[in-house]
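The values are calculated or read from the model by the stated rules, or taken from the named source; none is laboratory data. Small disclaimer: the values here were computed from a predicted structure and weren't measured. Cβ: placed from backbone, ideal geometry, glycine included. Neighbour counts: every protein chain shown.
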Amino acid sequence: MNASVIPDNIQGDPQAAAAGAAARLRELTGAETHDVALVMGSGWAPAGEALGVPEAEFPVTDLPGFPAPAVEGHGGTVRSYRIGEKRALVFLGRTHFYEGRGVAAVAHGVRTAVAAGCKTVILTNGCGGLREGMRPGQPVLISDHINLTAASPIIGANFVDLTDLYSPR
């Protein structure tokens, strides 16, 4: 399968697409499950390097449904680390909605991480802000968001309670 092309089942059955990508992830990493996923956005590659030597590393295009990143600064690499007793899955780069691949393709990485066993997913990004006193490169935690795209990866008879969307941890 040419993983640079988004398979139809991401749009029609995104959970099945994620399960297929997670199965391939198990083959490529040799790990039956992962505990946590980190999705590293623009400028976050050095944080991935700080985790040490990965047990497995491969192009994201080796996973079904993952195209090569179109954004400069996104490496297009997946890494698997053992950190103590935990397994960490690190995506260096991701698909963006403005790339025109649809919202299901944007959510595919998170769905795949969850299908691979991740109970915690940490998303990072480079962003702008309006708050005075904030400096470029300063880490912040997101506590709320406004979706101005009118697009949602939630399809069908699914309801997600967003009351506690952002972890208090």
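Being within 25 Å of Glu49 (Cβ to Cβ), of a type in the set (Gly, Ala, Ser) and surrounded by fewer than 10 Cβ atoms within 10 Å (Cβ to Cβ), is that true of even one residue in the range 93-113? Within the range 93-113, not a single residue is within 25 Å of Glu49 (Cβ to Cβ), of a type in the set (Gly, Ala, Ser) and surrounded by fewer than 10 Cβ atoms within 10 Å (Cβ to Cβ). Taken over the range 111-169, the criterion of being in contact with a helix residue (DSSP H, G or I) (Cβ under 7 Å, 6 or more places away or on another chain), at pLDDT 90 or above and part of a loop (DSSP other than H, G, I, E, B) is satisfied by Ala116 alone.
With respect to (1) touching a Ser or Thr at 6+ places or on another chain (Cβ under 8 Å); (2) among the aliphatic types (A, V, I, L, M); (3) modelled with pLDDT under 95, the lone exception for Val90 is condition (3).
State which residue is surrounded by the most Cβ atoms within 10 Å (Cβ to Cβ) when the search covers only the range 65-84 and only residues that are within 14 Å of the chain's Cα centre (by Cα) and more than 18 Å from His34 (Cα to Cα).
Gly65
Being within 18 Å of Val36 (Cβ to Cβ) and touching a Leu at 6+ places or on another chain (Cβ under 9 Å) is a condition met by at least one residue of the range 131-152. The single condition from (1) in contact (Cβ under 8 Å) with a residue 12 or more places away in the chain; (2) within 26 Å of Gly100 (Cβ to Cβ) that Val160 fails is (1).
Inspect all residues belonging to the range 66-87 and state whether any of them is charged (D, E, K, R), over 22 Å from Ala22 (Cα atoms) and not in a loop (DSSP other than H, G, I, E, B). Even if it seems obvious, please write down each step before you answer.
Narrowing the range 66-87 to residues charged (D, E, K, R): 72, 79, 82, 85-87.
Now narrow it down to the ones that are over 22 Å from Ala22 (Cα atoms): 72.
Then keep just the ones that are not in a loop (DSSP other than H, G, I, E, B); that gives none.
Scanning the range 66-87, I find no residue that is charged (D, E, K, R), over 22 Å from Ala22 (Cα atoms) and not in a loop (DSSP other than H, G, I, E, B), so the answer is no.
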